[in-house]
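Novice: Below is a structure I'd like to ask you about.
Values in this text are rule-based calculations from the coordinates and carry no lab data. Just so it is clear, the model here is predicted, and its values are computed rather than measured. Cβ coordinates were reconstructed from backbone atoms using ideal geometry, including for glycine residues, and neighbour counts include every protein chain displayed.
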Amino acid sequence: MSKFSQIWATEMDHLRAARPVDPVLYFAPEALVRTQRRFRSGFPGAVTYAVKANDNAGVIDTLAKGGMQAFDVASPVEIDAVRALVPGAVLHYNNPVRGGWEIAHAVQAGVASYSVDGLGELAKLVEAVPKGAEMSVRLALPVEGAAYHFGEKFGEGPEGAVELLRAVVAAGYVPSMTFHVGTQCADPAAWTRYIETCAEVAREAGVRLARLNVGGGFPSDRGRGAALEPIFAAIRAAVSHAFPEDRPELLCEPGRAMVADAFTAAFKVKAERACGALFLNDGIYGLLAELPIIGPHQRLRVVTEGGTLREGPTRPYVLYGPTCDSLDKLPDTVDLPETTREGDYVIFDGIGAYSTATNTRFNGYGSHEVVTVRRSGHRASGG
Ligand SMILES: *Cc1c(COP(=O)(O)O)cnc(C)c1O
């Protein structure tokens with residue numbers, strides 16, 4: 001995208017003028033600014049961003065201009081990308097499993113903070129990371145509430161975490177703790193349980209935590225609202241209760257909830273079947289890769305080729321993607337206006353997280369344009 005590419009007022013204006021046949025992602029920086037403010041005013045600590053949710057340069061740049069100082073990065077490529085865009089950024093490398101060459105790259109780039117979830121991983125870090133860096137012990141608990149869990153792949157149980165926290169201190173690092181409740185988690189109690197267990201682990205280890213990183217996992221609005229404020233309140237209450245003294249500094253690293261509302265996608269209807277099936281020009285191998293895992297996305301609008309909103313009675317539709325693979329079908333059915341026709345656009349609002357990040361080129365599809373808009377035509381329902 002050129003520096004001088006046009007900025008449109010809304011996605012509707014662009015659709016009317018361009019009538020695109022490939023998928024389009026509309027980026028509304030003002031929506032990102034609003035979400036960043038919502039986190040900054042509600043979360044009782046430092047707010048960072050998990051780059052993997054969407055590494056678009058405009059996103060990183062907008063967050064940095066909005067005052068974000070630290071970013072959660074998961075790989076050497078993400079480290080270099082953020083460094084290039086925000087040379088002074090503080091980098092937290094919180095993918096807890098790394099090859100030695102990845103650790104060397106991070107040390108070279110001046111990464112300030114690492115997560116660690118086992119003695120074997122800590123031994124690799126000790127080889128290369130100077131004393132004085134922050135090491136966050138990653139805790140895993142069998143906690144419900146998220147769309148899917150990360151606990152099976154990463155993290156140490158409470159007993160192992162006690163041992164690991166002591167080892168972090170013995171190795172000369174700044175001791176902190178972290179966890180991830182699992183993505184799209186709407187249940188504040190998940191954070192409460194983790195925070196209380198972190199406090200128990202620290203007490204048992206006899207270690208005062210410098211910081212407590214409550215991770216990502218905050219929900220975005222996928223059609224039923226996204227209640228961030230009750231989660232912020234639960235975090236605040238749990239920290240006061242679990243750490244009556246020596247309260248660690250708090251930070252969070254949302255990916256999904258920070259970026260979801262900043263993007264809207266427009267997909268063209270390639271064909272319609274009398275049985276109520278629509279074939280779109282994008283699907284599970286494109287921008288909608290996570291839908292089979294996370295469930296249907298229900299913030300949808302239908303716009304005609306001429307750019308008018310379809311209204312009136314709805315009916316359930318099955319949505320298929322464009323590839324020759326029969327798996328390329330979106331989960332469940334979605335309700336859309338019964339007047340929806342071939343040539344229309346199905347608009348997905350709040351689709352900024354894990355969409356462009358996981359898009360593939362399978363079957364020759366998957367090319368999409370990113371268009372900047374001054375504001376999104378459809379406001380998030382908020383919390
Ligand atoms: C993926 C990830 C995040 C962001 O998770 P969301 O559910 O998108 O908020 C934060 N921290 C770590 C360590 C992650 O791996």
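Novice: Choose one of Pro44, Ile60, His14: the residue whose Cα lies farthest towards the positive end of the charge dipole of the range 1-73 (beta-carbon charges +1 Lys, Arg; -1 Asp, Glu; about the Cα centre).
Specialist: Comparing the listed Cα positions along the dipole, Pro44 ranks first.
Novice: Of all DSSP beta bridges in the chain, what percent run antiparallel (nearest 5)?
Specialist: Antiparallel bridges make up about 40 percent of those DSSP assigns within the chain.
Novice: So, one more: Which length gain, in nm to one decimal place, applies between Ala109 and Lys270 when the Cα-Cα distance is subtracted from 0.36 nm times their residue separation? Write out the running numbers ahead of the final one.
Specialist: Working: separation 161, 0.36 × 161 = 57.96 nm, distance 4.65 nm.
Net length gain for the segment: 53.3 nm.
Novice: Just grab the label-to-label distance for Val370 and Glu338, each label 7 Å out from Cα along the Cβ direction, in nm (one decimal).
Specialist: Those two pseudo-labels are separated by 4.1 nm.
Novice: Check cross-link reach from Lys124 to the lysines: straight Cα distance under 28 Å, and skip same-chain residues fewer than eight apart.
Specialist: Lys52, Lys153
Novice: Here's another thing I want to ask about it. Give the angle, between 0 and 90 degrees and rounded to the nearest 10, that separates the Cα long axis of helix 188-205 from the longest principal axis of the Cα atoms of the chain.
Specialist: The angle comes out at about 20 degrees.
Novice: Describe numerically, in nm with one decimal, the distance between label points set 7 Å from Cα along Cα→Cβ at Ala84 and at Ala277.
Specialist: Distance between the two pseudo-spin positions: 4.2 nm.
Novice: Among the aspartates and glutamates, which fall within straight-line cross-link reach of Lys329, defined as a Cα-Cα distance under 16 Å, with same-chain neighbours fewer than 8 residues apart omitted?
Specialist: Glu272, Asp282, Glu290
Novice: Now a separate question. At most 16 other Cβ atoms within 10 Å and a DSSP loop assignment: could you name the trypsin sites (Lys or Arg not before Pro) in the range 224-311 that fit? Intermediate results must be reported in sequence, preceding the final value.
Specialist: Working: sites: Arg224, Arg236, Arg256, Lys268, Lys270, Arg273, Arg299, Arg301, Arg310; in loops: Arg224, Arg299, Arg310.
Filter output for the range 224-311: Arg224.
Novice: Using the crude model of +1 on Lys and Arg Cβ and -1 on Asp and Glu Cβ, and no other charge, please compute the dipole size for the range 269-348 relative to its Cα centre, in debye to 20. All intermediate terms of the calculation are to be shown ahead of the outcome.
Specialist: On the way: 8 positive and 12 negative charges, 22 e Å.
Dipole about the Cα centre, nearest 20: 100 debye.
Novice: Provide the FRET efficiency to the nearest 0.05 for the Tyr148-Asn95 pair, computing r from the beta carbons and using R0 = 22 Å. The partial results should precede the final answer.
Specialist: Details: r = 17 Å, r/R0 = 0.77.
That pair, Tyr148 with Asn95, gives E of 0.80.
Novice: Would you kindly state how much longer the chain becomes between Glu311 and Ala233 on full extension, computed as 0.36 nm times their sequence separation minus their alpha carbon distance, in nm to one decimal? Walk me through the numbers before you get to the answer.
Specialist: Working: separation 78, 0.36 × 78 = 28.08 nm, distance 3.80 nm.
That works out to 24.3 nm of additional length.
Novice: For the charge dipole of the chain, defined by +1 on Lys and Arg C-beta atoms and -1 on Asp and Glu C-beta atoms about the Cα centroid, which residue among Asn94, Val207, Leu319 has the Cα displaced farthest towards the positive pole?
Specialist: With unit charges placed on the Cβ atoms, the residue in question is Leu319.
Novice: Any chance you could tell me what percent of the C-alpha pair distances in the range 29-258 go past 33 Å? Intermediate results must be reported in sequence, preceding the final value.
Specialist: Values: 2885 of 26335 pairs.
Across the range 29-258, Cα pairs with separations above 33 Å total 11 percent.
Novice: Moving on to the next point. May I ask for the distance between the Cα centers of the range 239-300 and the range 202-221, given as a whole number of Å?
Specialist: So the separation of the two Cα centres works out to 24 Å.
Novice: Another question about this same structure. Once label points are set 7 Å from the Cα along Cα→Cβ at both Glu159 and Ser5, what is their separation, rounded to one decimal in nm?
Specialist: Going from the Glu159 label point to the Ser5 one covers 5.4 nm.
Novice: Could I ask something else about it? Please give the charge dipole size of the chain, origin at the Cα centre, charges +1 on K and R Cβ atoms and -1 on D and E Cβ atoms. Round to the nearest 20 debye.
Specialist: Working: 38 positive and 44 negative charges, 177 e Å.
Dipole of the chain, to the nearest 20 debye: 840 debye.
Novice: I've got another one for you. Using a simple charge model, +1 on the beta-carbon of Lys and Arg, -1 on the beta-carbon of Asp and Glu, nothing else, what dipole does the range 107-203 show about its Cα centre, in debye to the nearest 20?
Specialist: Numbers: 7 positive and 12 negative charges, 55 e Å.
That gives a dipole near 260 debye.
Novice: Please check which bits of the range 246-285 a label hung off Val318 would reach, taking the label as a point 7 Å along Cα-to-C-beta and the cut-off as backbone N under 20 Å.
Specialist: It comes to 268-285, nothing else.
Novice: Follow-up question, since we're still on this one. Return the loop-located GluC sites (Glu not before Pro) in the range 1-81 (DSSP other than H, G, I, E, B) with at most 15 other Cβ atoms within 10 Å of their own Cβ; answer none if there are none.
Specialist: On the way: sites: Glu11, Glu30, Glu78; in loops: none.
Sparse-neighbourhood loop GluC sites (Glu not before Pro): none present.
Novice: Apply 1/(1 + (r/R0)^6) to the Cβ-Cβ distance of Gln69 and Ala18, taking R0 = 41 Å, and write down the FRET efficiency to the nearest 0.05.
Specialist: Numbers: r = 37 Å, r/R0 = 0.90.
The pair Gln69/Ala18 has a calculated efficiency of 0.65.
Novice: Determine the gain in length on full extension of the stretch Ser326-Ala128; use 0.36 nm per residue of separation and subtract their C-alpha separation, reporting nm with one decimal. Can you show the working numbers first?
Specialist: Values: separation 198, 0.36 × 198 = 71.28 nm, distance 4.77 nm.
Extending this stretch completely gives an extra 66.5 nm.
Novice: Counting only helical runs of four or more DSSP H residues, what would the 222 nm mean residue ellipticity of the chain come to if each run contributes -39,500 (n - 2.57) and the total is spread over all its residues? All intermediate terms of the calculation are to be shown ahead of the outcome.
Specialist: Working: 11 runs with 113 residues, N = 383.
Roughly -8500 deg cm²/dmol at 222 nm, from the helical runs in the chain.
Novice: Which of rounded, prolate or oblate describes the range 259-383 when judged by the alpha-carbon gyration tensor and an a/c cut-off of 1.5? All intermediate terms of the calculation are to be shown ahead of the outcome.
Specialist: Numbers: a/c = 1.39, a/b = 1.01, b/c = 1.37.
Rounded shape, in that the Cα axes give a/c under 1.5.
Novice: Picking from Leu280, Gly216, Val239, whose Cα lies most toward the positive end of the charge dipole for the range 191-289 (charges on Cβ: Lys, Arg +1; Asp, Glu -1)?
Specialist: Toward the positive end, the furthest listed residue is Leu280.
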